[in-house]
Amino acid sequence: MIATNPTDFEIHLFHEGSLYKSYELFGAHVIKESGVTGTRFCVWAPHAREVRLVGSFNDWNGSNHPLVKVSEQGVWTIFVPENLEGHLYKYEIVTRNGQVLLKADPYAFFSELRPHTASIVYSLKGYKWNDKIWKRKKLRKPIYDQPLFIYELHLGSWKKKKNGDFYTYQELADELIPYVVDHGFTHIELLPLVEHPFDRSWGYQGTGYYSATSRYGTPHDLMAFIDRCHQAGIGVILDWVPGHFCKDAHGLYMFDGEPTYEYANMQDQENPAWGTANFDLGKREVRSFLISNALFWMEYFHIDGFRVDAVANMLYWPNSDSLHKNPYAVEFLQKLNEVVFAYDPAVLMIAEDSTDWPRVTFPTYEGGLGFNYKWNMGWMNDILTYMEATPEQRKHLHHKVTFSLLYAYSENFILPFSHDEVVHGKKSLLNKMPGEYEQKFAQLRLLYGYFVTHPGKKLLFMGGEFGQFDEWKDLEQLDWVLFDFDMHQKMNVYVKALVKFYKRYKSLYELDHSPEGFEWIDVHNAEQSIFSFVRKGKKENDILIVVCNFTETTYHDYKVGVPLLATYKEAFNSDAMIFGGAGYVNKKPIVAVEEPFHGKPYHIQMTIPPFGISVLRLMRKREERKGDGKEKVHRHVVGRRAR
C-alpha cells in the first residue's frame, strides 16, 4: 500500500542517494487509504518557491491544488481525493525569482504523443506476464559461455506503414519477432524508448525516463511486446542514457528555475556535442532517480539488460582540455551496477565506452566499474578502416587486424556493427566495401565471417542482415524492396546461415573471454593479406580452423598449419554459390600431413576463396580395425595434439 504522504525514511533515503525504487514515491499514483480513493502526486523541486498541480481535471488552473513541501531539500506532495487515471497533468512551478514554469512529471509513467508534452496519470499494474520459463533459463545459463548475437534496431524505422505511420508495439510483435527468430538472433537491442520530443534524436535525448514513448502505444502494449519476445526465446536490451538529457522547456532542464538534475557549473553542465545537459552524477537525488530508473525498467518491463550510452562522456569531464576523470561518475556507475546485479544476477550491463579506461567489466570489489560487457570500439574502428582500404593497400594495414588480439581478453567484449557506423554520411557496411558490385558483397560476407569467428559476442544493426545499400535513413523504413534483388536475397541467406553456424559450434563462443579459446596459425602474411587461426571450445578436440583471404586472388593447394593429425571437413565457406559466391569451396575431406608448417606439427592443403572465409572442422575419425573385423566409431576425434 502506498501511503498518502512520504515517510521520513523514504525522504532520507532519497536525499542520501539510495532510494532505489523512488518511482514508488514520486510521480502520480492512484491509491486508496482510509477508504478514500485518490491520486497522490510527489515531485522534487529543491529551489521552488511554490509548486501547483495543473491538468485536465482542474482546467489547468492550479490555484486549488498547491503541493505541500514535506522536505527541506525540496520534496513536494499533494493528495487529490479523486481517481485521476487517464487525466493529463503538469507541475506549475514558481521559481525563487517569481518565474512560472510548466513542467512534465520526471517520474510520469506515460506521456502525451509529441508534439504535446503533458504527463498522463497511468497505472502500470494489471499486466499478467507469461515469461517464467525465459526467466528461469536466464538464471540457469549465464551468458558468458553461451552464444550472444544481438540485433540492434530502431522501432520507428525498422518498418513503417504505407502512409508513413509507425507500427504499434502489437504490430511490431507480429512482424518483428518472427523475423528475429527466423534469423537466429538471441537478443534485440532497442534504441531508447524513454519519452523524447524529437523523432530524430532516436530517443537519446529524453524527457520522460519513466515514460515508455507513446509513439508506438501504451506501456502495457510494450509489456506485451517484451513478453512475446521472451516467449519466443528472444532477450530484450534497452539502450539507456544516464549521462545527459535534452533541454526542452517542459523536461528536466532547469526544472525549478535553477540547476536541479544538471551540474550547477556551466562548464560541466553543457554538452555542446549534442546540445544537451549533463546529469549531475554527484548529486545524490539524481543518483536515486537514475538507479531507480534502471530497476524500474527491469521490474515493470522485464528488460534483460542495458546498453549504457556514452560512458566516456561520464567518466571524463566533457569540456576539459585533457582527460580529466570524473569521480562522481565512477561512483555512480559502480553503485548502479551493484544495485542492478543484486536485483537480477543475469542482467546484461553493457558499456558503450570508446576509451581505454581499465577494468570496465571487472567487479566493483576488484576496483572495476562493474559492467559485465563492453563494446569493442577499437576492434570495430580498426576492421572497418582495413576493409574500406583497397585490397592493394591492405598489406600496409595488416596491424589493423592483428592488434585486437593483444587486448581481446582484457575485458568482456561485444563486437559492434551498430547504427553509429551507418549514418551521418558514413555509408552502409555494404557500401563501405571497395570494388565492383559483386566484390562488395563478397567482402561484406568476408567481414561478417571474420566478425563471427573473432573472440567476443556479436551485435549487428538492422539492415545489415540483407546488405542495405544506402546508409540508415532514420525517417524511412529499411529498404525492404532490396529483397527483390538476387544478391540481397543471398546476403540474407548468408547471414541466417552464419548465425546458425555460430550458434552450432561451441568453439565460437564458449571461451570468448579466455585466451585459451584462440590461437594464431599464421599472423604474418601481410603480403597476401591472409590470416589463419584456431578457435577452441572447452573440450580438448573442439576446434575450428579459420582462414580469411582479404584479396581477390584465389589459391589452390594452399598450405595451412594445423594442430592435430586428423581429417578436416569444410563446415562453412562464404564463397558458396548459394550465398552469391563463385563456388571456390572445399567439397572433399582434407587429410592432414605429418609435416610441420606455420609453427604447427602438421599441415593441410586447401582452396582459399577470393575475398572469402573458410572454416574447417574435425571429422569423426574411425579407429583401426579390431580383431573382430568390426570398426568402432568414436563420437569425437582422437587426434594427436601438439605438445
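The values are calculated or read from the model by the stated rules, or taken from the named source; none is laboratory data. Since the structure is predicted, the reported quantities are computational estimates derived from the model, not experimental observations. When we count neighbours, we look across all protein chains shown, and the Cβ atoms used for this are built from the backbone with ideal geometry, even at glycine.
Okay, residues lined up against (1) at pLDDT 95 or above; (2) part of a loop (DSSP other than H, G, I, E, B); (3) farther than 13 Å from Thr77 by Cα; (4) not hydrophobic (A, V, I, L, M, F, W, C):
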| position | (1), (2), (3), (4) |
| --- | --- |
| Asn5 | no, yes, no, yes |
| His12 | yes, no, yes, yes |
| Ser18 | yes, yes, yes, yes |
| Ala28 | yes, no, no, no |
| Ile31 | no, no, yes, no |
| Phe41 | yes, no, no, no |
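Can you pull out the residues in the range 245-279 that are of a type in the set (D, E, K, R) and either crowded, with 21+ Cβ neighbours inside 10 Å or not in a loop (DSSP other than H, G, I, E, B) (or both)?
Matches in the range 245-279: Asp256, Glu262, Asp268, Glu270.
Which members of the range 579-607 meet the condition of being closer than 20 Å to Val523 by Cα and assigned to a strand (DSSP E or B)?
Those that are closer than 20 Å to Val523 by Cα and assigned to a strand (DSSP E or B): Phe597, Lys600, Tyr602, His603, Ile604, Gln605, Met606, Thr607.
Mind checking which residues of the range 407-450 are surrounded by fewer than 18 Cβ atoms within 10 Å (Cβ to Cβ) and within 24 Å of the chain's Cα centre (by Cα)? Outline the logic, then answer.
So the first thing to find is which residues in the range 407-450 are surrounded by fewer than 18 Cβ atoms within 10 Å (Cβ to Cβ), and the list is 407, 410, 420, 423-427, 431, 434-439.
Correct list: Tyr407, Ser410, Asp420, Val423, His424, Gly425, Lys426, Lys427, Asn431.
Among the residues of the range 451-461, write down those that are part of a loop (DSSP other than H, G, I, E, B) and either of a type in the set (Asp, Glu) or crowded, with 24+ Cβ neighbours inside 10 Å (or both).
His454, Gly456
Identify all residues within the range 154-208 that are closer than 20 Å to Asp227 by Cα and of a type in the set (Gly, Ala, Ser); write none if there are none.
Passing the criteria: Gly156, Ala173, Gly184.
Looking for whichever is more than 17 Å from Val401 (Cβ to Cβ) and touching a helix residue (DSSP H, G or I) at 6+ places or on another chain (Cβ under 8 Å) here; the options are Leu544, Leu565. Which one fits?
On the way: Leu565 fails: touching a helix residue (DSSP H, G or I) at 6+ places or on another chain (Cβ under 8 Å).
Answer to the check: Leu544.
Determine if the range 180-191 includes at least one residue that is within 28 Å of Tyr494 (Cβ to Cβ), hydroxyl-bearing (Ser, Thr, Tyr) and without any contact (Cβ under 8 Å) to a residue 40 or more places away in the chain.
no
Based on what the data block shows, is Arg200 at pLDDT below 95 and among the basic types (Lys, Arg)?
Spelling it out, Arg200 is indeed at pLDDT below 95 and among the basic types (Lys, Arg).
For the range 56-77: of the residues being among the aliphatic types (A, V, I, L, M) and surrounded by fewer than 20 Cβ atoms within 10 Å (Cβ to Cβ), which is nearest to Asp8 (Cα to Cα)? Full working, then the answer.
At the first step, the residues of the range 56-77 found to be among the aliphatic types (A, V, I, L, M) are 67-68, 70, 75.
Add one more test, that the residue is surrounded by fewer than 20 Cβ atoms within 10 Å (Cβ to Cβ), and what stays is 68, 70.
On the way: Val68: 15, Val70: 9 Å.
Ranking the qualifying residues of the range 56-77, first place goes to Val70.
Might you let me know whether the range 361-368 holds any residue that is surrounded by fewer than 18 Cβ atoms within 10 Å (Cβ to Cβ), of a type in the set (A, V, I, L, M, F, W, C) and touching a residue at least 60 places away in the same chain (Cβ under 8 Å)?
No; the residues of the range 361-368 include none that is surrounded by fewer than 18 Cβ atoms within 10 Å (Cβ to Cβ), of a type in the set (A, V, I, L, M, F, W, C) and touching a residue at least 60 places away in the same chain (Cβ under 8 Å).
For Leu25, only one of the following conditions fails: (1) crowded, with 20+ Cβ neighbours inside 10 Å; (2) within 27 Å of Tyr300 (Cβ to Cβ); (3) in contact (Cβ under 8 Å) with a residue 24 or more places away in the chain. What is its number?
Here Leu25 clears every test but (3).
Pairs only if they're at least six apart or on different chains, beta carbon under 7 angstrom, first in the range 130-158 and under 21 Å from Lys458 (Cα atoms), second of a type in the set (Asp, Glu) and at pLDDT below 95; list them, first residue then second.
From residues that are under 21 Å from Lys458 (Cα atoms), the pairs are His154/Asp474.
Is the range 79-87 home to any residue that is surrounded by fewer than 19 Cβ atoms within 10 Å (Cβ to Cβ), of a type in the set (Asp, Glu) and under 24 Å from Thr218 (Cβ atoms)?
Yes, there is a match, as at least one residue in the range 79-87 is surrounded by fewer than 19 Cβ atoms within 10 Å (Cβ to Cβ), of a type in the set (Asp, Glu) and under 24 Å from Thr218 (Cβ atoms).
Hey, any hits in the range 118-140 for a residue that's over 34 Å from the mean Cα position of the chain (by Cα) and either in the same structural domain as Asp227 (by TED's automatic domain parsing) or surrounded by fewer than 19 Cβ atoms within 10 Å (Cβ to Cβ) (or both)?
no
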